[in-house]
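Data block below; observations after.
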Amino acid sequence: MAETHVLFVEDDDVIREATQLALERDGFVVTAMPDGLRGLEAFRADRPDIALLDVMVPGLDGVSLCRRIRDESTVPVIMLSARADSIDVVLGLEAGADDYVTKPFDGAVLVARIRAVLRRFGHASGSGQGSAGGAEDGPEGGVLVFGDLEVDTEGMEVRRSGEQVGLTPTEMRLLLEFSSAPGTVLSRDKLLERVWDYGWGGDTRVVDVHVQRLRTKIGQDRIETVRGFGYKLRA
């Protein structure tokens, strides 16, 4: 099995070196950079399997770097933030990050989150492919149709009014969960478990931001908020 290549952008020398050593002990190949500009250069040169980006790095901050990466690739991105209540967490998720970890973090926790993200990206087609209950009859081959929205659960493609919609793997997994049970309310905790592979309680802002990103791509009224319970796809 090929080794997993991690791009790690962190300006604190102690954290960068200690984290790099911890990841390498777990079998990862790590390219560590102290600022965002060199991080972007390394990303373009090495095309890593996953990127860990600290929010506050010089040259090009982590949020801006995430946007640049997302413009070019769907590679998974985990943001590192010093404060769980920081607006930077939401900004990072809105920029296209798939998850975040709060500093200071335990090395084992970080490795677990990295592996969870990699599992999601490596097996995106394994989530949410239930029956099309409630969907209109669509073409054969695993295509679910909801009004002007077509979800190809085998080809992992989405079209809206005939135009292809570009989704990240996390957004695709989220849509697959909704489309497998249209009209059914899915709680934030259940979505964290199914889409983000959280076996423990997580920050539901991750869900909220990704739902909003998904709405901008498939239609604001396609996913309904059920206050106090969660979200559902309009059948």
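For this structure, a couple of remarks:
- Residue, most open to solvent (accessible area, probe 1.4 Å), within the stretch 156-191, restricted to residues that are of a type in the set (Asp, Glu) and not in a helix (DSSP H, G or I): Glu163
- Some residue of the stretch 74-87 being under 17 Å from Arg213 (Cβ atoms) and of a type outside the set (A, V, I, L, M, F, W, C): yes
- The stretch 1-35, residues that are part of a helix (DSSP H, G or I) and out of contact with any Lys or Arg (no Cβ under 8 Å at 6 or more places or on another chain): Asp13, Val14, Arg16, Glu17, Ala18, Thr19, Gln20, Leu21, Ala22, Leu23, Glu24, Arg25
- Qualifying residue in the stretch 48-57 (condition: out of contact with any Ser or Thr (no Cβ under 8 Å at 6 or more places or on another chain), open to solvent by 30 Å² or more (accessible area, probe 1.4 Å) and either within 20 Å of Thr204 (Cα to Cα) or without any contact (Cβ under 8 Å) to a residue 24 or more places away in the chain (or both)): no
- Within the stretch 18-40, tally of residues that are of a type in the set (D, E, K, R) and closer than 19 Å to Gly59 by Cβ: 2
- Across the stretch 51-104, the qualifying residues are those that are assigned to a helix (DSSP H, G or I) and acidic (Asp, Glu), and the one among them that is farthest from Arg120 (Cα to Cα) is Asp88.
- Qualifying residue in the stretch 138-153 (condition: under 17 Å from the mean Cα position of the chain (by Cα) and either β-branched (Val, Ile, Thr) or not in a strand (DSSP E or B) (or both)): no
The values are calculated or read from the model by the stated rules, or taken from the named source; none is laboratory data. Predicted, not measured: the structure shown is a model, and the values here were computed from it. Positions of Cβ are backbone-derived with ideal geometry, glycine not excepted, and every protein chain shown enters the neighbour counts. Accessible surface areas use protein heavy atoms only, side chains included; no ligands, DNA or RNA. Shrake-Rupley method; radii C 1.70, N 1.55, O 1.52, S 1.80 Å.
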